[in-house]
Each structure stands twice: as C-alpha cells, then as structure tokens.
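Undergrad: Before anything else, here's the structure in question.
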Amino acid sequence: MDHIQIINNLLFGFEHALTMHNLLLCATGCVVGMLVGLLPGLGPLATISLLLPLTFSLPPGGALIMLAGIYYGAQYGDNVSAITMKIPHASSIVACIDGYQMTLKGKTGVALFTAGVSSFIGGTVAIIVLAWLAPVLSEVALLFGPVEYCALVLFGFVCVSFVTTGSVLDGLAMCLVGVLLGQVGSDIETGGQRFTMDIVSLSDGIQLVSIALGCFGIAEITKNLDNKEKRSPFSGTIKLIPTWPEFKRIFPSALRGSIVGSTLGIMPGGGPVIAQFAAYAVDKKLSKFKDEIGQGAIEGVAGQAAADEAAARTSFIPLMSLGIPENAVMALMMAAFIINGIQPGPQMIAKHPDLFWGLVASMWIGNCFLLLLNVPLVRIWLSVFKIKYSSLFPAILFFCCVGTYSINNNIHDIYTTATFGVFGYIFLRFKLDPAPLILGFILGPMLEENFRRAMLINRGSFAAFVTHPISAVLVSMVALFFLWQLTSFFLELKKKRAQAAAQAPAQAQVAQNPAE
Amino acid sequence: MINQNVGKGILLALVSLFFLLQAPQLTVGSLNRPGPGLFPVMVASGLLFLAVVMLARSRLIEPAPFDFHFKNIGLIAGALLSFALISEFVNMLAGIVVMAFIACYASDDFSIRRTAVIAAALCLMAFAMKRFLGVQLPLY
C-alpha cells in the first residue's frame with residue numbers, strides 16, 4: 001500500500017472522527033475512563049467492563065470511539081494514581097517507581113506532564129505503525145485457515161497465561177475455564193442446548209458483561225473492603241510545566257519507549273503491561289541519565305508512559321487485521337465490536353473503512369484530549385479520592401447492577417453477575433487471575449468453530465497442525481515453551497532442595513550446641 | 001490451614017467435572033464428524049489434567065495459606081441478589097434502597113444516615129438514567 005493512499009485513508013478517518021458527535025463521545029470517554037481508572041483496584045480491564053453498557057445505545061462508530069477513549073483515559077488515570085499516591089494497577093506498576101519518587105521530591109506536576117506528553121508521543125508513533133501495518137497484516141490474515149487460527153489461539157492462550165499470571169499452569173487453566181463457560185448456551189452448528197441446566201436465561205449463553213463485572217467489579221469491591229485500606233488523598237501542589245532542560249530529557253526516552261511499546265504491542269500476549277517493563281529496562285541501559293533512574297528520573301516516567309500508550313494502540317493491529325485479540329483488554333474490545341455488529345478480522349478494513357480509519361484517527365484525537373483536558377485539570381480529577389470508599393462502592397455496585405440489566409432488560413442477568421462475583425472473589429483468593437478467563441471465554445466459540453472445521457476438512461487428523469507451515473511454527477513454539485517451563489520448574493526445585501540439604505547440617509549443629 | 005495450592009487444584013477439578021459429567025448427554029461424535037459434545041469433553045479433560053498437575057505440584061512446593069472472608073462477599077452477593085429479587089417482585093427503587101443498606105453494612109463505618117443519603121442519591125441517578133439516557137429501568 002503506498003504512502004499517499006494511507007495518508008488519504010487517514011484523512012478519510014479524520015473526516016469521520018471530527019464530527020461534533022464523535023468528538024464529544026471521545027472526550028466523554030477520556031474523562032469518564034480517567035475518573036473510573038483513578039479508583040483503587042480499577043485498571044483498564046475493570047473500567048471497560050464497568051462502562052461497556054454505556055455504549056450499547058450508541059451507533060457503532062461512536063460506541064467504538066468512546067470505548068477507545070475510555071481505554072486511554074483509564075490508562076492515564078492509572079498513571080495519575082500511581083504517580084501521586086503510589087496506588088499501583090497492573091498497567092501502571094512501573095509508574096509507581098520513578099513517578100512516586102518525583103512526587104516525594106515535589107515534582108508531581110512535572111511527572112504528570114511528562115506522562116501526558118510521553119503518552120502523546122507514544123500514541124502518535126503507534127498510530128503511524130498501525131495505519132501502515134494493519135492493512136498489510138490483514139492481507140497476511142488471508143493465508144490463515146481453520147488450522148492456523150486454532151494454533152494462533154492456543155499460542156495466544158499460552159502467551160497471555162504466562163504474561164498475566166506468571167504461572168503458565170494457572171493462566172492456562174483459567175483460559176480453559178473461560179473456554180468452557182463459552183460453551184454454555186446454544187451449539188453453533190446444531191442449535192442444541194449445552195450446559196444450560198434448563199435455565200431459560202442461559203439459552204443464549206452467559207453474558208460477557210456478567211462475567212466481566214462479576215470477576216472484576218464485584219470481586220475488586222470485596223477485596224478492597226477486606227483490605228480496609230485507608231488512603232489519604234493527595235494534597236501536594238501541582239506545577240505542571242517543566243523547565244527547558246527537563247523538557248529536553250523527555251523526548252529521547254519517550255521515542256525509545258514508543259518503539260519498544262509499538263513492537264511489543266503487536267506480539268501475542270503483549271500489550272501495555274509487558275511493554276512498560278521492557279521500556280524501563282531499555283532506559284536503564286541506554287539513557288544518558290541511567291544512574292538517576294529509580295530515584296525519580298524523568299526518563300523513568302517518560303519511557304514507560306510512551307511504551308504503555310504505544311502498546312495499547314498497536315495491540316489493536318492483531319485484533320483488527322487477524323480478528324484475534326492478543327490480551328484480555330482487546331478481548332473485551334472484540335466483544336464490543338461484535339455487540340455493535342462488526343466482526344473484526346481481515347474483512348473489517350474493506351467492509352467498514354469508515355469505522356476502521358475513524359477509529360485510528362480518533363485514537364490520535366483521544367491523545368489530544370488527554371493532553372488538553374486530563375493533564376491540565378488533573379487537580380480536579382484527583383478530588384475523586386476525597387470521597388470515602390465506603391460511599392463510593394455502593395455506587396459502583398449500582399452501576400454493575402444497572403449495567404448488567406440494561407443489556408437485555410433482564411433481571412435474571414443480575415443473578416449471573418452475582419454468581420460470577422462470588423466465583424471472581426474465590427479465584428482472587430486462590431490467586432487465579434481472571435484476565436485469561438475473559439480471553440478464553442471470548443475466543444472459546446471461535447476456537448471451537450475452527451477446530452470442528454479443521455477436523456472435518458482433515459478427516460479427523462491432527463497431522464495438519466504440524467504440516468501447515470504457520471501452524472507448525474506456532475505449535476512448536478508452544479511445545480518449546482512448555483518444555484522450558486517444565487525444565488525450569490524442576491531445576492529450581494532441585495536448587496531449593498540442595499540449599500535445604502546444605503542448611504540442614506548447620507542447623508543440626510546449632511541445635512546440638514545451643515550455648516555457642 | 002487450607003493450602004491455597006491444593007484448594008485451587010480441587011476447585012478447577014470440580015469445574016472440569018461439572019462439564020465432563022454433563023457432556024455425555026450431548027452427542028460426542030468422532031474426530032472426523034465432531035458433535036456438540038466433543039469439544040467440551042476435550043477442553044474439560046484438558047482442565048482436569050491441569051488440575052491434577054496442580055495437585056501434584058502442590059506436594060512439591062511450599063504450602064500457601066488460603067485467606068477467605070465470608071462476611072464481605074456474603075453481604076455484597078446478598079445485596080445484588082436482594083436488588084434483583086426486589087426489582088423483580090416489587091420495584092427497582094425499593095431494590096436500590098435495600099441493596100445500598102445491605103452493601104453499606106459491609107463497610108467498617110456503617111451509618112444509617114449516610115446510607116440513607118447514598119440510597120437517595122442512587123435513586124436520583126436511576127431516575128436521571130431513565131429520563132435522560134432512555135435506559136429502560138422498572139423503577140416503580
């Protein structure tokens with residue numbers, strides 16, 4: 001695709017995104033996303049789950065633009081709470097390190113400004129990557145048949161399990177629980193009922209919103225109530241504009257972060273969480289001020305914020321060109337696409353060019369809103385922390401109920417949400433992350449459809465998984481990954497036992513001669 | 001003390017068994033003509049295998065305590081269920097008030113006066129959502 005055509009496509013996208021209606025939706029998404037994202041325990045995944053029902057009554061283009069705004073707003077909100085109060089969410093752990101150190105040094109405003117500007121730079125670089133790469137990748141997607149899709153989904157499960165939970169065993173098990181929950185309802189081919197236990201409201205399957213709100217909204221509320229955390233609201237001063245030498249330090253780091261984030265955002269299992277750690281590590285190696293990183297350096301905020309934003313943008317590429325979400329947030333986005341009647345995949349750019357290019361353009365507009373609206377008014381947004389949590393959580397609970405009810409105007413869906421709230425809490429207490437479950441739930445029906453098709457085409461033989469080149473590469477990577485996990489587990493175990501054996505005689509000697 | 005590692009293995013085994021025991025009611029078919037039961041049986045068997053591996057792993061690694069607070073999750077789930085039941089049989093406004101009171105009881109500094117204010121604010125919000133956003137809520 002030549003450059004002029006892409007620029008024309010982007011201009012076409014701006015034409016759609018720059019209508020007053022879409023601008024308002026984008027701004028509302030950014031602000032509401034940030035306000036909810038600021039709340040303790042509510043990262044982008046929980047924020048999107050909570051606010052997804054808000055978009056149901058909107059036209060598809062507007063709904064997607066608003067959701068994208070909510071996502072970026074929530075990410076910046078996470079950064080703000082990390083920098084000002086050291087409240088970490090999954091997507092802002094790294095911001096807690098140098099960002100909070102800058103707050104302790106009285107440079108909160110500079111840290112917030114750096115995070116905002118770096119997000120803008122990261123977002124801009126990622127949009128260029130997205131505009132060039134997504135159409136190319138959707139041509140590659142045409143090489144994918146049912147066997148390749150199955151292999152890609154399995155590869156995605158393994159990557160997400162490892163990245164989100166750290167334990168591939170726990171994460172994979174949660175993915176499979178999600179896939180099984182996705183089986184509840186009507187069979188895709190025969191239309192027969194499966195696992196509905198004769199409950200009429202389950203005949204259309206379990207609602208994604210019920211699972212997402214239960215596992216993230218309700219479980220998080222309960223965890224926060226259990227923790228009885230008393231947080232004092234931020235009360236320091238905020239001076240936003242940095243000095244020129246400080247300003248000059250932002251750019252190299254933000255550019256490095258943008259490149260790292262844009263690359264890692266495309267990888268299966270990648271996304272903002274892993275990108276910010278990688279960008280931080282790169283800055284620690286390459287920055288001119290690497291000795292200051294960890295003690296409140298601007299680079300420690302700029303690099304990770306740019307990577308965070310860039311990865312959030314480029315993770316849309318596999319979703320929109322292959323139709324496969326590569327992390328749980330993208331899985332929720334995919335659900336939002338489908339609810340709005342759009343099937344993400346290779347045909348999306350050709351069938352809905354207005355939506356695709358409109359969304360790409362609105363990402364950049366969202367960045368501008370973040371910079372113009374959220375950064376200067378951060379002092380006002382922080383006042384949300386002045387509301388006591390005991391007054392706030394009944395309101396979150398109310399939105400969970402109304403959000404669930406408003407999908408089908410069905411009270412019975414609230415029982416499902418309550419059930420998943422309890423399950424979500426049990427999972428949380430067992431340290432089982434529900435993010436892979438959401439991915440499994442959304443990809444489960446797609447995996448089943450492609451698996452059944454692959455089996456029919458190949459007459460029940462699994463050989464196609466190793467004879468087709470793309471799937472052979474993906475399957476061997478999964479196999480190698482398992483081998484590596486197994487080997488490292490046993491090596492670690494052996495090391496621990498050797499250490500324990502070495503310590504045992506010394507302890508026995510101490511026990512024999514206590515006087516010494 | 002309940003060992004977290006054993007507990008999660010048992011929980012996941014129970015989930016897989018729930019699906020495995022129901023799957024024979026569906027047509028399983030064969031690999032070259034898969035029926036609606038085949039895929040769930042394969043996935044549930046995979047989950048059962050992982051659960052068994054987790055249980056085996058729990059014997060090799062140090063136990064971790066399982067920390068569970070019944071009161072808060074009971075009250076929050078109770079608040080949701082009462083909201084649904086009262087909305088179904090009385091109306092949603094009454095459901096919101098009851099939900100707010102049950103939920104607020106879970107917080108450390110429960111106060112009847114503050115809860116009444118929260119309930120009133122939530123009722124007003126529900127009115128606004130119905131009136132201005134057109135959300136179909138059976139408020140009264």
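Each reported figure results from applying straightforward, stated rules to the coordinates on display, with no laboratory input. This is a predicted model, so every value here is computed, not measured. Note that each Cβ is placed from the backbone with ideal geometry, even for glycine, and that neighbours are counted across all protein chains shown.
Undergrad: Conditions: (1) outside any helix (DSSP H, G or I); (2) surrounded by 24 or more Cβ atoms within 10 Å (Cβ to Cβ). A:Ser57 meets all but one. Number of the miss?
TA: (2)
Undergrad: Quick check on this structure: which one of A:Gly205, A:Gly191, A:Gly178, A:Gly156 is within 14 Å of another protein chain (Cβ to nearest Cβ), of a type in the set (Gly, Ala, Ser) and either part of a helix (DSSP H, G or I) or touching a residue at least 40 places away in the same chain (Cβ under 8 Å) (or both)?
TA: It is A:Gly178.
Undergrad: Take B:Ser82 and tell me if it is among the hydroxyl-bearing types (Ser, Thr, Tyr), within 15 Å of A:Ile414 (Cα to Cα) and facing chain A (nearest Cβ under 7 Å).
TA: Answer is no for this residue.
Undergrad: Which one is nearest to A:Ala336 (Cα to Cα) among residues in the stretch A:16-50 that are part of a helix (DSSP H, G or I) and without any contact (Cβ under 8 Å) to a residue 40 or more places away in the chain?
TA: Start the filter on the stretch A:16-50 by keeping residues that are part of a helix (DSSP H, G or I), which leaves A:16-17, A:20-38, A:44-50.
Now drop any that are not without any contact (Cβ under 8 Å) to a residue 40 or more places away in the chain, which leaves A:20, A:24, A:47.
Values: A:Met20: 22, A:Leu24: 19, A:Thr47: 14 Å.
Looking at residues that are part of a helix (DSSP H, G or I) and without any contact (Cβ under 8 Å) to a residue 40 or more places away in the chain, I get A:Thr47.
Undergrad: Looking at the stretch A:424-439, which of its residues are at the interface with chain B (Cβ under 9 Å from one of its Cβ atoms), in contact (Cβ under 8 Å) with a residue 12 or more places away in the chain and part of a helix (DSSP H, G or I)?
TA: Within the stretch A:424-439, A:Tyr425, A:Phe427 meet the criteria.
Undergrad: Take A:Ile380 and tell me if it is of a type in the set (A, V, I, L, M), under 30 Å from A:Glu220 (Cα atoms) and surrounded by fewer than 24 Cβ atoms within 10 Å (Cβ to Cβ).
TA: The answer is yes for A:Ile380.
Undergrad: Hey, could you check the stretch B:85-98 for residues that are more than 7 Å from chain A (Cβ to nearest Cβ) and in contact (Cβ under 8 Å) with a residue 12 or more places away in the chain and say which is surrounded by the most Cβ atoms within 10 Å (Cβ to Cβ)?
TA: Restricting to residues being more than 7 Å from chain A (Cβ to nearest Cβ) and in contact (Cβ under 8 Å) with a residue 12 or more places away in the chain, the top hit is B:Gly95.
Undergrad: Taking B:Val53, is it surrounded by fewer than 18 Cβ atoms within 10 Å (Cβ to Cβ), out of contact with any helix residue (DSSP H, G or I) (no Cβ under 8 Å at 6 or more places or on another chain) and at the interface with chain A (Cβ under 10 Å from one of its Cβ atoms)?
TA: So B:Val53 does not fit the description; no.
Undergrad: Let me ask something else. Could you give me the residue pairs with C-beta distances under 7 Å whose first residue belongs to the stretch B:64-76 and is facing chain A (nearest Cβ under 8 Å), whose second residue is among the hydroxyl-bearing types (Ser, Thr, Tyr) and surrounded by 14 or more Cβ atoms within 10 Å (Cβ to Cβ) wherever it lies, and which are 6+ apart or on separate chains?
TA: B:Asn72/A:Thr222; B:Ile73/A:Thr222; B:Ile73/A:Tyr425; B:Ile76/A:Thr222
Undergrad: Only one of (1) hydrophobic (A, V, I, L, M, F, W, C); (2) touching a residue at least 24 places away in the same chain (Cβ under 8 Å); (3) not in a helix (DSSP H, G or I) fails for A:Ile470. Which number is that?
TA: (3) is the only condition that A:Ile470 fails.
Undergrad: To continue, here is another question. May I ask you to list the residues in the stretch A:390-411 that are among the small types (Gly, Ala, Ser) and either at the interface with chain B (Cβ under 7 Å from one of its Cβ atoms) or in contact with a Cys (Cβ under 6 Å, 6 or more places away or on another chain) (or both)?
TA: A:Ser390, A:Ser391, A:Ala395, A:Ser406
Undergrad: Continuing with the same structure: For the stretch A:142-163, give me the residue count where each residue is small (Gly, Ala, Ser) and surrounded by fewer than 21 Cβ atoms within 10 Å (Cβ to Cβ).
TA: The first filter runs over the stretch A:142-163 and keeps only residues small (Gly, Ala, Ser), leaving A:145, A:151, A:156, A:161.
Checking the rest, the ones that are also surrounded by fewer than 21 Cβ atoms within 10 Å (Cβ to Cβ) come to A:145.
Residues meeting the conditions: 1.
Undergrad: Residues that are in a loop (DSSP other than H, G, I, E, B) and of a type in the set (A, V, I, L, M): does the stretch A:359-377 have at least one?
TA: yes
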